[in-house]
Amino acid sequence: MVPQKTLGALVMSGRFYGVGVGPGDPQLLTLQALKVLQESQVIAAPRTKGENTMALDIVSQVVDLRDKEIVWLDFAMKRDPKARASSQKNNTELLLAPLRQGKSVAMLSIGDASTFSNVSYFIDAVKEDGHEVVIVAGITAFSAAAAKWQVSLTARDEPLTIIPAGATDLDEVLALKGSKILMKPTMPVEKLIASLERAGVLEETRLAERITWPEERTLDSMKGVTEELGYFTTLFVPAKEKEI
């Protein structure tokens, strides 16, 4: 902790960690992540509607949380800009409070803390408030899925495109050269299947849902899939053979 002078008063400056906790299996926590979590005084845990606390569930299996201060960060999952802005403002204050007391705060992030992570929303505010920021890398769901399938996500000079499916023009993305990773497919499954069919990649597109969790589901093909996909779903669209 580093003392700072603010408006004539002495305040403490804590250290903020953004910690990727991997896709689900606690064995996929890195040694650096484990050390940071064991030593941090405060654990900031994302929580969504329905009391979804996946990140903390992972950590609680390998880190003793009895003496930790848990700060719950409630995120608005809907696209309403006002709701999201209000959520971010409230969560920023929750993070800054212990940092201003000189405490170390570790914010958890499913997968990697730099890939579609809520951690990114707070880095600037934490720095502007005078606190050090450290990002701890984690294993992504698509890396874990590739290991499960024993496939290479990309090779040689082949590009790899990673997008949040549902937040962009999927037909346009599927037309790009190289392999694609489609994360968080929030669009209706009929629309997703139609796009994959138009691109001619339906049969070879693989699915991984809640990868490395006990209830994980993996499919080697999206052909025949009709049920809506969960938020923690990753799709892998391999490059067409003529592109390799």
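The values are calculated or read from the model by the stated rules, or taken from the named source; none is laboratory data. Owing to the predicted nature of the structure, the values given are computational and were not obtained by experimental measurement. Heads up, the Cβs are rebuilt from the backbone with ideal geometry, glycines too, and the neighbour counts pull from every protein chain shown.
Has segment 150-159 got at least one residue that is touching a residue at least 24 places away in the same chain (Cβ under 8 Å), touching a Ser or Thr at 6+ places or on another chain (Cβ under 6 Å) and not in a loop (DSSP other than H, G, I, E, B)?
no
Only residues that are of a type in the set (S, T, Y) and assigned to a loop (DSSP other than H, G, I, E, B): list them for segment 202-244, please.
T205, T212, S221, T226, Y231
Taking the condition touching a Leu at 6+ places or on another chain (Cβ under 7 Å), outside any strand (DSSP E or B) and buried (at least 22 other Cβ atoms within 10 Å of the Cβ), does V126 pass?
yes
Quick check on S152: is it within 26 Å of E209 (Cα to Cα) and loosely packed, with under 14 Cβ neighbours inside 10 Å?
Here the answer is yes, as S152 does meet what is asked.
Name the single residue, out of those in segment 160-201 being β-branched (V, I, T) and part of a loop (DSSP other than H, G, I, E, B), that is nearest to G230 (Cα to Cα).
Step by step, filter segment 160-201, then rank; the result is T186.
Can you tell which of A239, A199 is buried (at least 20 other Cβ atoms within 10 Å of the Cβ) and out of contact with any His (no Cβ under 6 Å at 6 or more places or on another chain)?
Every option except A239 fails the conditions.
Got a number for residues in segment 162-198 being over 18 Å from T115 (Cβ atoms), more than 19 Å from the chain's Cα centre (by Cα) and free of Cβ contacts under 8 Å to residues at least 60 places away in the same chain?
Selection size over segment 162-198: 17.
Just need a number here: residues in segment 185-201 that are over 21 Å from P159 (Cβ atoms) and not β-branched (V, I, T).
Of the residues in segment 185-201, 7 are over 21 Å from P159 (Cβ atoms) and not β-branched (V, I, T).
Do you know which of the residues in segment 13-53 that are β-branched (V, I, T) and out of contact with any Phe, Trp or Tyr (no Cβ under 6 Å at 6 or more places or on another chain) is nearest to V136 (Cα to Cα)?
V19
Rundown of residues vs (1) assigned to a helix (DSSP H, G or I); (2) modelled with pLDDT of 95 or more; (3) not hydrophobic (A, V, I, L, M, F, W, C), yes/no style:
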residue	(1), (2), (3)
L37	yes, yes, no
A44	no, yes, no
R47	no, no, yes
M77	no, no, no
L95	yes, yes, no
P98	yes, yes, yes
